[in-house]
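No lab work stands behind these numbers, since they all come straight from the coordinates. Note that the coordinates shown come from a computational prediction; the quantities given were computed from them, not determined experimentally. We place every Cβ from the backbone using ideal geometry, glycine too, and count neighbours over all the protein chains shown.
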Amino acid sequence: MKSEILRLLKEDGGYLSGQELSERFHVSRTAIWKIIKQLEEDGYQIEAVRNKGYHLQESGDLLNKAEIESSILTNFGKPVEYHETIDSTNLRARKMAEEGAPHGSLVVADCQNAGRGRRGRTWESPNGTGVFMSLILRPDMLPASASAITLVAALAVHDGIKEATGLDTLIKWPNDLVAGSKKICGILTEMSAELEGIHYIVVGMGINVNMNSFPEEVSETATSIRLETGSEVSRSRLIASVMKAFEEYYNIFISAGDLTPLISVYNKHMVNLNREVKVLAGADSYTGIARGIDRTGELLVEISEGKVKQVVSGEVSVRGIYGYV
């Protein structure tokens, strides 16, 4: 009820009377008043005017369970489990998935103290500045198709950032988003499966949102939405926008059975497209021109005229991105 009342206050924009709310939720006006007080304790500024009701004033970038739930209007992102501090949202989501958490469940944290990226790298997760979330999926597909989910997530983050902030980012295949040649988001997809099917997939997304600066060791390669736009961003609105886009792209992907309907839109937003890339695969490396993705999400790299390699895994560096010159 707390989340629903907060959503109504946001949507109305004017005043909602205690009587109207009590009748809507079939509780006493005292119960409504208590929830309003809880929201104020959470940091919301709510004006109460006799004979008019309650009015939600601008409250800045607040992040909590009620705020997130009141912002998400899609099936994806429900239910929400929120933590002020956690080791890793992916670790928590995997545990929840093992315990039977439903498809679409979302874990969000204000701060991670053991955030992880690909290949075991750490991910900076300071409190009050970023979006750190993990989505639980239970798709009916073969494990071989699961890697494409990372590309679906990248499209969703791209569109979510664009809708919520106006910032146009680019996708660095397969799991990063960049702005101004610097990393603004990382995606980590993990799976539990057997040969015949997938138990669950966890998609972790870490977005640099309201950071004003970064530690010296990453300041040349990382940026945030705030640094790029000059404005503070509502993280709950951003989360809701990403969930909306993810639901749309995911349904297209599942319906088609592969990425065929999404190839053109992905290539349009890909920073690697038609640029020289260096592919690092174990002890081997080679350079070529990125020509986009195929229907399974593999990167097509032209290494000589008419000869194209399909890159399934490994590190891909792009000239001018992350210090690779």
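For the chain, find the longest principal axis of its Cα atoms and tell me its angle to the long axis of helix 29-41, 0 to 90°, nearest 10.
Rounded to the nearest ten degrees, it is 50.
Please determine, in degrees from 0 to 90 and to the nearest 10, the orientation of helix 2-12 with respect to the longest principal axis defined by the Cα atoms of the chain, where the helix direction is its Cα long axis.
Taking Cα atoms only, the helix is inclined about 90 degrees.
Between residue 33 and residue 307, what FRET efficiency follows from the Cβ-Cβ distance if R0 is 56 Å, with the result rounded to 0.05?
Efficiency for this residue pair is about 0.20.
Given the options 218, 198, 240, identify the residue whose Cα lies farthest towards the positive end of the charge dipole of region 65-268 (+1 on Cβ of Lys, Arg; -1 on Cβ of Asp, Glu).
218
Return the FRET efficiency for the residue pair residue 113, residue 75: r is the Cβ-Cβ distance, R0 is 30 Å, and the value is rounded to the nearest 0.05.
Result of the calculation: an efficiency of 0.45.
As an exercise, use a Förster radius of 56 Å and the Cβ-Cβ distance of residue 19 and residue 294 to find the FRET efficiency, rounded to the nearest 0.05.
0.40
With each label point set 7 Å from Cα along the Cα-Cβ vector, what nm distance links residue 263 and residue 162?
Taking the two extended label points, one gets 2.0 nm.
To the nearest 20 debye, what charge dipole does region 65-268 have about its Cα centre, counting +1 at the Cβ of each Lys and Arg and -1 at the Cβ of each Asp and Glu? Working shown, then result.
Working: 19 positive and 25 negative charges, 43 e Å.
Once rounded to the nearest 20, the dipole reads 200 debye.
What is the dipole size for region 2-56, taken about its Cα centre, with +1 at each Lys and Arg Cβ and -1 at each Asp and Glu Cβ, in debye to the nearest 20?
160 debye
Provide the gained length on full extension for the span residue 98 to residue 220, in nm with one decimal, where the gain is 0.36 nm per separating residue minus the Cα-Cα distance.
Values: separation 122, 0.36 × 122 = 43.92 nm, distance 3.85 nm.
Fully extending the segment from residue 98 to residue 220 adds 40.1 nm.
From zero outward in steps of 20 Å, how is the percent of C-alpha pairs of the chain spread across the bins?
Spelled out per bin, shortest first, that is 30, 54, 14, 2.
So for 178, 209, 301, fewest C-beta neighbours within 10 Å to most, what's the order?
Ordered by Cβ neighbours within 10 Å, fewest first: 178, 301, 209.
Quick one: 173, 33, fewest Cβ neighbours within 10 Å first, how do they rank?
Ordered from fewest to most neighbouring Cβ atoms within 10 Å, 173, 33 come out as 33, 173.
Sum -39500 (n - 2.57) across every DSSP H segment of at least 4 residues in the chain, then divide by the residue count to get the 222 nm mean residue ellipticity, nearest 500.
Values: 9 runs with 100 residues, N = 325.
About -9500 deg cm²/dmol.
Among the lysines, which fall within straight-line cross-link reach of residue 162, defined as a Cα-Cα distance under 26 Å, with same-chain neighbours fewer than 8 residues apart omitted?
10, 65, 78, 172, 182, 183, 244, 268
Can you run the Rg to Rh ratio on region 262-309? Use alpha carbon positions and the Kirkwood inverse-distance Rh.
0.98
Please check: in the Gaussian network model of the chain (C-alpha springs, under 10 Å), which one of 200, 15, 82 has the largest mean-square fluctuation.
15
Among 187, 68, 132, whose Cα projects farthest towards the positive end of the dipole of region 65-268, with charges put on the beta-carbon of Lys, Arg (+1) and Asp, Glu (-1)?
187
How big is region 139-197 along each principal axis, measuring the range of its Cα positions in Å and listing the largest first?
Sorted from largest, the Cα extents of region 139-197 read 42, 20, 13 Å.
Cut-off is 10 Å between beta-carbons; in what order do 107, 279, 218 appear when sorted fewest neighbours first?
In order of increasing Cβ crowding within 10 Å: 218, 279, 107.
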